[in-house]
Amino acid sequence: MSTLAVTTTLNGETVTFLCEPHETLLTALRDRLMLTGTKEGCSNGNCGACNVILDGTLVNSCLVLAAEVDGHQITTIEGIAGPNGLHPLQTSFLENAALQCGICTPGFIVASKALLDKNPQPTEREVRHWLAGNLCRCTGYDKIVRAVLEAASAGATKE
Amino acid sequence: MTQSNGFKVIGTRPVRHDGVDKVTGRALYGADVRLNGQLYGAMLRSPHAHARIVAIDTSEAAAVPGVKAIVTGADLPHVGDQIADIGEGAVNLRHLSANILAGRKALYFGHAIAAVAATSLTAAQQAVNKIKVTWEELPPVLNLRDAMAAGAAPLHPDVFTDELGEKSTTPSNIAEHLRHEKGDIAAGFAEAEVVVEREFVTGTVHQGYIEPHSATVQWNADGQLTVYCSTQGAFGVRREMSEILGVPISHVKVVPTEIGGGFGGKLNVYLEPVCALLSRKAGGRPVKMTMSRADVLAATGPTSASIVRVKLGARRDGTLTAAQAWMAFEAGAFPGSPVGSAAGVILAPYDIPNVVIDGFDVLCNKPKANAYRAPGGTNAAYAAESMIDELARALKMGPIEIRLKNAAREGTRRADGPVFPRIGFVETLEALLHHPHFQSRLERATGSRRRGRGIAAGFWFNWGGTSSASAQVNPDGTVALSEGSTDIGGTRTSIAMQLAESIGIPVNLVKPQVVDTDSVGYNDATGGSRTTFATGMVAYELGQKLREELIAHAARQFEVEAAAVRFEDGAFRTDGKPPLSYFDVCGALRDTGGEIVASVSMRTKGEGPAFGAHLVDVEVDIETGKVKILRYTAAQDVGRAIYPPFVEGQIQGGVAQGVGWALNEEYLYDKAGHMLNAGFLDYRMPTALDLPMIEALIVEVPNPRHPYGVRGVGEVPIVPPAGAVANAIFDALGVRMTELPMSPARNIAALAAAGVAA
Amino acid sequence: MARVFIPPLLRARTGGLREIELEGATIGALLLALEAGFPGTRERLVLNERLMPGMAVIVDGEAAVDGLKSAVGPASEVHFVPAARGG
Amino acid sequence: MQTFSYRSVSTVEEALAALASPTARALGGGTDLIPMVREGRRQADLVVDVKGIPELGRLEIDAQGNLTIGAAVALHRVYGHPEVARRWPGLVDAASLIGGTAVQGRATLGGNLCTASPAGDSIPALIVHGATLIVAGPAGRRSIPVAAFCIGPGRTVLGPGELLIAIQVPAPRPRSGAAYLRFIPRNEMDIAVASSGVALQLDAEGHIAAIDVALGAVGPTPIVVADAAALALGQAPSAEMAAKLGAAATAAARPIDDVRGTAAHRKRLVDVLTRRAFMAALHRIG
């Protein structure tokens, strides 16, 4: 067992960090790179709070080893807003009151971005299916689903 | 712009003040705290449900490189029997302490036994694995019937059945018996022409907040303790730390982080005192500990499994003449189930002349029960509302009709004695009655699918409690608001809105922040649906003070008496002079008498009790037993909706939790008391795919005791869902489901028992 | 005279009486008056000169916030019930 | 918390060399392995990341219409492939059920097979599609029918140092259809309480020419319903046939009571699921 150096493109910037081989990407993001927007809810892939986008694909960062991302591209919640302000999904979550405590919100926004990147005009059923891996205990999902649908109809992917 | 109700801010939907931080990942929650020089803590938890701790050997653990401190229950100061009012009711501090780290016995699977602080989490966890405990296993008591059986071995030698201060002569697992009585129960049932009676069972469930508990504590060499944690009540943490650790309350400062859900489960401390002990042993280095999801489920939170029997009597015209309820609630390893509030909730929606309610608080080898959103309410209402439904069917009355006929109103005497003030139950039922959902016909399904519709009502007391806040007016017209109510669902904004309305300024000028316990006056926890009511009331008073001061300043600028100045539409006016804008007056404060700072602390009164009525359509697959929620409408009297989308969100979220409780959520144990489903995979909370849109029907019967008419909102909506879903399943299948959750396997078994073939 | 409702489990000490009219300007005074008429009742409602933990006193339909010092009107109704706060 | 070393390899040879150590484990998507190792349910001193091996990342349909899926191909690529979705619907049913969207971004069929959970969704589906596994090891390569791969909960026929390379699924037969259904208490994010995969082929007269039924979560390994052929071959498909197959599934099932369900409920469920999967497979035929 030895410390590894990992180089990755993180939210568009090249970053090199050290980690232990058994560390997950979630731990590395939070404890090595100080990006605590990615949340830990279960560390078992059952809640989605740690969702990030890896090479364009939505993943649970608790189920990826930090070592595995060497040479790959990662987008976290901190990389969703653009230089000109919030992403339309972020605005839509605020306007639709789609968060209460907010702990699951980064995961939902990252997951929703991955959805809209793939399917810009999802139906309600498609949104619910895509987000079924993200648990929210506060909202009953109603306003989250509406926020994603509204962002989609406003053309969130143009950002 | 003024709305038709005269309000300018209340009822609007500004962007919440903490919103941008929460959608960009910048908001800092419990586990996001990182102090310089911090150590990482890990906990050893009991693998047994009930076992004597013969010895703990930490020598190998101490030898793991990086380990800086190890603590066990022996490191906690001895606290004698002291009954304190903490959390939901009376708590014996000795029990509270023994729940933090076990003393001589582990009392449930997951009970904290010892903890390690080390320079890395890996080292701490490796050291925990090297702590050797010599156990003497004891037979566990795992359910109510066993715990209450005559001759059952008592968990604690010093817990006796308390009947309002009178103790049993021998130790018992029945920690408390309480009773409410009204009228003459025998006469009431004698008068009844129809009597229905049934027993219901509910499983252990968890609050299910997504953020695990996390605490970071530093115990300084000067004796000062600083606690960073995710909590519903920073002042409660301060008090518990002081009591458990035996330090003066002034030595404890609690800095609340953002909180990722609580629902009652983050009222009490778990990790904080342990981190403190570790920090002290490690020479004052801060220690951070975060629970795994398995720890959260196995060792925190749950609300009680219960047995509830309800008997109702009515005349043919539907008038209730008598009601009797008997309920036993699991307290877990230490006394303190919510059976007391359950006894207050169970028949509260109805005006019944003759009532007896008995409640029992029962110990067993499960984690200590904690409050969960309307504690006890869901268990109680599931039984009572099922029986109201059964009675309505026996009498061939409609579900809303029978509830309206017996509905509690202003002046109705509750079973526990007090008389209701102005309440809005009738208005809530009427709103549901006239709603298109109730007026619609439920399309029948085909094949193996059956559809049904159910209704249930629910009540919650709501709590007032103490709140404090302070504010200052800045030269640019903004108002900095410091409050102590941790914000779980947008209360910074709902409180800021009330402050803005009270002063008469736009809400975006208010800058609310939640501050630490040294920086604001005392606040009770965010719980009991009190924050928008009570801290909002404080904000109103604060606003009135600031407004008065602002007028005084304007008067000095006008060189007139304050009484001659009015503040209207953002401007100060006095006769014969051009108006001064709000910003002009704020910019000139230093020249007109100095800064404006105000603070208010109130022990609030007049919290408005609230009611909800829910309507649900379900579809049951009679071949698999699976229940699908097709449509859900929840009506609730909220007094006044300060921020309507947040009010809807509270109702929708309560429904979702209630549906989860109704259909799938429950703790599963093996015969030895090991929890089998301590994870989000097998503790099945609803996903986005398990629910439809949930229509929240806001009914506003203003609370006359609040300046803006606010009633608590958060708890009522979890009370009716289990009963509503059960009644809908009955409507679909003709089978009365008497056990929660109404899981597919239980539904199939009930169908088979009832002889209904697929 | 305030109407003090006796909790069911305390009625053995009041000879079965369900409510008792008592003189007193505060909850504390009412309880002293109750004790004078019905010995052994006060100790069931008061601990260390404070209202028993876990108990709430309701005066005229509203939770009293000042414990034993809570004011009571001449025609008030007083109830002792389990404190319910919430989650 | 277990610590381990990590190695990423880019050839099968490199992988086999690394896996020669008895405490080494191959890492595909990691969605099972990472939490299992963290929780001590699997031991590993060395984790060998095989995603960099091109052969394990292949997803190809050859000229004969046979499908090869590299063992490290993530599920979203399988069900996101329009031709795969069209030709092997039963497999796609299963691949799109495992975990949530984010799990499917990473999890692989190879991992689902090697975890060898009795409830692994892909296994009954692969069995009824007649899939075969290509395995490389110290003694060279061999192929194993999926139906013979699992030998107990968490146990497979893979020998020491062997690595699953790819899954080969034969081209669908003419006039054939397949479906995989599972029962879970929620609508996503659950492990199957019971499951059933059915593949069938009709002859020119519309009679059953071939049928395969495999069950999940009702025994220590996926169970092939051996009686299916005798009940159905040569006959016209019907609701009565579905009912007979369901009864045969119930008879073949050997379920237990556990945290996810009762034996009684599972017996009932395989009946229901087999009937429904049969009708769904039939419906999918041209």
*Taking the stated definitions as given, is B:D637 touching a residue at least 24 places away in the same chain (Cβ under 8 Å) and under 30 Å from B:R746 (Cα atoms)?*
no
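Conditions (1) among the small types (G, A, S); (2) more than 14 Å from chain C (Cβ to nearest Cβ); (3) assigned to a strand (DSSP E or B), marked per residue:
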| site | (1), (2), (3) |
| --- | --- |
| B:A323 | yes, yes, yes |
| B:P335 | no, no, no |
| B:V362 | no, yes, yes |
| B:R373 | no, no, no |
| B:Y382 | no, yes, no |
| B:A392 | yes, yes, no |
| B:L404 | no, yes, no |
_Residue pairs meeting the criteria (Cβ under 7 Å; at least 6 apart or on separate chains; first closer than 15 Å to A:A66 by Cβ, in the stretch D:1-22; second of a type in the set (A, V, I, L, M, F, W, C) and part of a loop (DSSP other than H, G, I, E, B))_ = D:T3/A:M1; D:F4/A:M1; D:F4/D:A44; D:S5/A:M1
*Can you name the condition, by its number, that B:E561 falls short on among (1) of a type outside the set (A, V, I, L, M); (2) touching a residue at least 12 places away in the same chain (Cβ under 8 Å); (3) not assigned by TED's automatic domain parsing to the domain that holds B:V426?*
(2)
*Filter the stretch B:8-27 down to the residues that are in contact with an Asp or Glu (Cβ under 6 Å, 6 or more places away or on another chain) and more than 7 Å from chain A (Cβ to nearest Cβ), then identify the one that is nearest to B:K511 (Cα to Cα).*
B:V9
*Does C:P53 qualify as being of a type outside the set (D, E, K, R) and over 25 Å from B:D184 (Cα atoms)?*
yes
*Given the structure, is A:L116 in contact (Cβ under 8 Å) with a residue 40 or more places away in the chain and more than 7 Å from every other protein chain (Cβ to nearest Cβ)?*
yes
*Collect the residues in the stretch B:419-434 that are assigned to a loop (DSSP other than H, G, I, E, B), away from every other protein chain (no Cβ under 14 Å) and surrounded by 16 or more Cβ atoms within 10 Å (Cβ to Cβ), keeping them in residue-number order.*
B:G424
_Residue satisfying condition, being part of a strand (DSSP E or B) and either surrounded by fewer than 16 Cβ atoms within 10 Å (Cβ to Cβ) or away from chain A (no Cβ under 14 Å) (or both), within set B:V620, B:V616, B:V585_ = B:V620
_Residue, farthest from the other protein chains (Cβ to nearest Cβ), within the stretch D:239-256, restricted to residues that are part of a loop (DSSP other than H, G, I, E, B) and in contact with a Lys or Arg (Cβ under 9 Å, 6 or more places away or on another chain)_ = D:A253
*Would you be able to tell me the number of residues in the stretch A:58-79 that are within 21 Å of D:V37 (Cα to Cα) and either within 13 Å of chain B (Cβ to nearest Cβ) or without any contact (Cβ under 8 Å) to a residue 40 or more places away in the chain (or both)?*
5
*What residue, among those in the stretch B:453-480 that are part of a strand (DSSP E or B), surrounded by fewer than 24 Cβ atoms within 10 Å (Cβ to Cβ) and in contact with a Phe, Trp or Tyr (Cβ under 6 Å, 6 or more places away or on another chain), is farthest from the other protein chains (Cβ to nearest Cβ)?*
B:S468
_Anything in the stretch B:493-549 that is under 19 Å from the mean Cα position of the chain (by Cα) and outside any helix (DSSP H, G or I)? List them, or say none._
B:N523, B:D524, B:A525, B:T526, B:G527, B:G528, B:S529, B:R530
*How many residues are surrounded by fewer than 22 Cβ atoms within 10 Å (Cβ to Cβ) and either of a type in the set (S, T, Y) or within 14 Å of chain C (Cβ to nearest Cβ) (or both) when one looks only at the stretch B:165-181?*
9
*Among the candidates B:R736, B:R746, single out the residue that is in contact (Cβ under 8 Å) with a residue 24 or more places away in the chain and assigned to a loop (DSSP other than H, G, I, E, B).*
B:R736
*asked:* Report every pair of residues separated by at least 6 positions or lying on different chains whose Cβ atoms are under 6 Å apart, first residue within the stretch B:521-533 and buried (at least 24 other Cβ atoms within 10 Å of the Cβ), second among the hydroxyl-bearing types (S, T, Y) and part of a loop (DSSP other than H, G, I, E, B).
replied: B:N523/B:S485; B:T526/B:S485; B:T526/B:T486; B:T531/B:S485
*State yes or no: is A:V64 buried (at least 21 other Cβ atoms within 10 Å of the Cβ), under 19 Å from A:C136 (Cα atoms), touching a helix residue (DSSP H, G or I) at 6+ places or on another chain (Cβ under 6 Å) and among the β-branched types (V, I, T)?*
no
*Pair list, Cβ under 8 Å, 6 or more apart: the stretch D:248-260 residue β-branched (V, I, T), other residue in a loop (DSSP other than H, G, I, E, B)*: D:V259/B:L668; D:V259/B:L676; D:V259/B:N677; D:V259/B:D682
*Output the strands (runs of 3 or more DSSP E) that fall wholly within the stretch B:51-160 and possess 1 or more residues being more than 14 Å from every other protein chain (Cβ to nearest Cβ) and under 30 Å from C:A84 (Cα atoms), or say none.*
B:112-118
*Restricting attention to the stretch C:43-59, does a residue exist that is outside any loop (DSSP other than H, G, I, E, B), touching a Lys or Arg at 6+ places or on another chain (Cβ under 8 Å) and among the aliphatic types (A, V, I, L, M)?*
no
*Would you please name the residue that is nearest to the other protein chains (Cβ to nearest Cβ), looking only at residues in the stretch A:7-57 that are more than 17 Å from A:I109 (Cα to Cα) and among the β-branched types (V, I, T)?*
A:T24
*Starting from the stretch D:134-150, take each residue that is farther than 16 Å from D:V169 by Cβ and list its partners that are part of a strand (DSSP E or B), counting only C-beta distances under 6 angstrom and pairs at least six apart or across chains.*
D:A136/D:L163; D:A136/D:I165; D:R142/D:V135; D:C150/D:T156
*Specify which of the listed residues (D:A171, D:A148, D:A209) is crowded, with 17+ Cβ neighbours inside 10 Å and of a type in the set (G, A, S).*
D:A209
*How many residues are in contact with a Leu (Cβ under 9 Å, 6 or more places away or on another chain), among the aliphatic types (A, V, I, L, M) and within 14 Å of chain B (Cβ to nearest Cβ) when one looks only at the stretch C:1-41?*
8
*Among helices (runs of 4 or more DSSP H) lying entirely in the stretch B:184-289, which contain 1 or more residues that are more than 25 Å from B:A656 (Cβ to Cβ) and within 14 Å of chain C (Cβ to nearest Cβ)?*
B:185-191, B:234-245
*Candidate set: the stretch A:77-92, residues that are in a helix (DSSP H, G or I) and of a type in the set (A, V, I, L, M); chosen: the one nearest to A:S61 (Cα to Cα)*: A:I77
_Residues of the stretch D:211-230 satisfying the condition of being free of Cβ contacts under 8 Å to residues at least 60 places away in the same chain and in contact with an Asp or Glu (Cβ under 9 Å, 6 or more places away or on another chain)_ = D:V225, D:A228, D:A229
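The values are calculated or read from the model by the stated rules, or taken from the named source; none is laboratory data. The model shown is predicted, which means the values in this text are computed figures rather than measured ones. Note that we place each Cβ from the backbone using ideal geometry, even for glycine, and neighbour counts take in every protein chain shown.
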